[in-house]
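Below is one structure, written out as structure tokens; comments come after it.
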Amino acid sequence: MPSLLEISPDKLARLIGTPKCPVLVDVRTDEDFDADPRLIPGSLRRDYRLVQDWGQDFTGRSAVIICQRGKKLSHGAAAWLRHAGIPADVLEGGFEAWAEAPYPAVPVSAMPKRQASGHTLWVTRARPKIDRIACPWLIRRFVDPNAVFLFVAPAEVEAVADRFDATPFDIDAPIQWSHRGDHCTFDVMVQAFGLETEPMLRLATIVRGADTSRLDLAPEAAGLLAVSLGLSRMYADDHEQLQAGMLLYDAFYRWCRDATGETHNWPSPKKGA
């Protein structure tokens with residue numbers, strides 16, 4: 001049982017990937033991090049010695065602090081945040097407990113380099129439909145909550161990526177983040193970021209079916225295609241469409257994780273019928 005001011009790995013795992021997930025801050029020492037250079041999905045690396053400087057970035061949010069074993073570094077940093085009026089808990093057992101569970105962790109080697117301000121920057125084709133909404137959802141929920149996405153004319157994606165030091169994705173070119181064989185870009189990201197849990201693989205199948213016109217892969221693929229095309233007609237602004245799409249994929253992910261066995265029938269069958 002976690003003590004006061006701690007959160008268990010099991011409880012944190014239920015929050016990750018949802019809109020209600022707190023800010024996750026990894027304060028492991030460089031030595032501990034280098035021994036296992038992975039991050040709990042959605043977490044940010046910060047120097048525990050500078051907590052008085054970066055703590056203010058999370059004003060108005062709650063936080064979970066992660067160190068190697070859930071001892072002095074995370075408890076000290078969390079206490080500083082609470083002193084600044086930011087609700088903060090410690091991950092019980094730290095990163096070691098998370099890895100032993102085992103829950104997924106994102107290899108830092110797979111992540112694009114961050115901008116000077118700390119966020120990753122991505123660029124893709126304008127007028128997104130499926131993959132170009134699903135991938136930003138995945139990145140913001142599990143890789144970098146502060147990721148920035150640029151939508152530009154298809155012919156300009158690679159040039160914009162070069163000039164603005166952004167990471168291109170989902171274009172018809174031999175780049176890291178695009179379709180590979182019969183897999184779509186979402187599949188590629190799920191695998192590269194170490195997120196191959198059962199719910200995520202179920203969602204990836206739905207996305208692949210909708211994005212590659214193989215609606216036979218999952219019954220839900222046709223529904224995702226229909227809603228995605230509808231959203232693309234509702235929004236002329238790509239960023240407004242992305243915001244609406246975030247809710248769509250939040251719902252699909254929660255169904256994949258928690259509700260695949262649930263049915264809904266109306267009217268209810270009559271007894272003896």
Next item on the list: Taking semi-axes √(5λ) of the Cα gyration tensor in Å as the quantity of interest, determine which of (1) 33, 26, 17; (2) 51, 28, 17; (3) 27, 25, 19 was computed from the displayed structure.
Entry: (1)
Item checked: In order through the range 178-186: 3J(HN,Hα) via Karplus (6.51 cos²θ - 1.76 cosθ + 1.60), integer Hz, x for Gly, Pro -> 7, 4, 9, x, 8, 9, 8, 4, 4
Notebook entry, point to check: Expressed as a whole percentage, what fraction of the accessible surface of the range 105-209 belongs to carbon and sulfur atoms when a 1.4 Å probe is rolled over the protein heavy atoms?
Noted result: 50 percent
Next item on the list: Averaging sequence separations of C-alpha pairs under 8 Å and six or more residues apart, then dividing by the length of the chain, give the relative contact order as a whole percent.
Entry: 15 percent
Checklist line | Computed magnitude of the charge dipole of the range 1-102 (debye, nearest 20; Cβ of K, R +1, Cβ of D, E -1) | finding: 380 debye
Next item on the list: Compare R38, R233, R257 in a GNM of the chain, Cα atoms joined below 10 Å, and give the one with the largest fluctuation.
Entry: R233
Check: Once every DSSP H run of n ≥ 4 in the chain is given -39500 (n - 2.57) and the sum is divided by its residues, what mean residue ellipticity at 222 nm do you get, rounded to the nearest 500 deg cm²/dmol?
Finding: -12000 deg cm²/dmol
Notebook entry, point to check: If you roll a 1.4 Å probe over the heavy atoms of the protein chains, what accessible area per residue do you get for the range 230-272, in Å²?
Noted result: 74 Å²
Check: Using 7 Å Cα-to-Cβ label points, what is the R45/R214 separation (nm, one decimal)?
Finding: 3.6 nm
Check: Which distance in Å, rounded to a whole number, links the C-alpha centroids of the range 1-48 and the range 80-149?
Finding: 11 Å
Next item on the list: Enumerate the residues in the range 42-62 having an amide nitrogen under 18 Å from the point lying 7 Å beyond the Cα of A84 toward its Cβ.
Entry: 43-62
Next item on the list: Would you please classify the overall shape of the range 115-179 from the alpha carbon gyration tensor, given that a ≥ b ≥ c denote the square roots of the eigenvalues, rounded means a/c under 1.5, and beyond that prolate means a/b larger than b/c while oblate covers the rest?
Entry: oblate
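The values are calculated or read from the model by the stated rules, or taken from the named source; none is laboratory data. The shown structure was predicted, so the numbers you read here are calculated from the model rather than taken from an experiment. Note that we place each Cβ from the backbone using ideal geometry, even for glycine, and neighbour counts take in every protein chain shown. Keep in mind that these areas ignore ligands, DNA and RNA; they rest on the heavy atoms of the full protein, side chains included. Shrake-Rupley method; radii C 1.70, N 1.55, O 1.52, S 1.80 Å.
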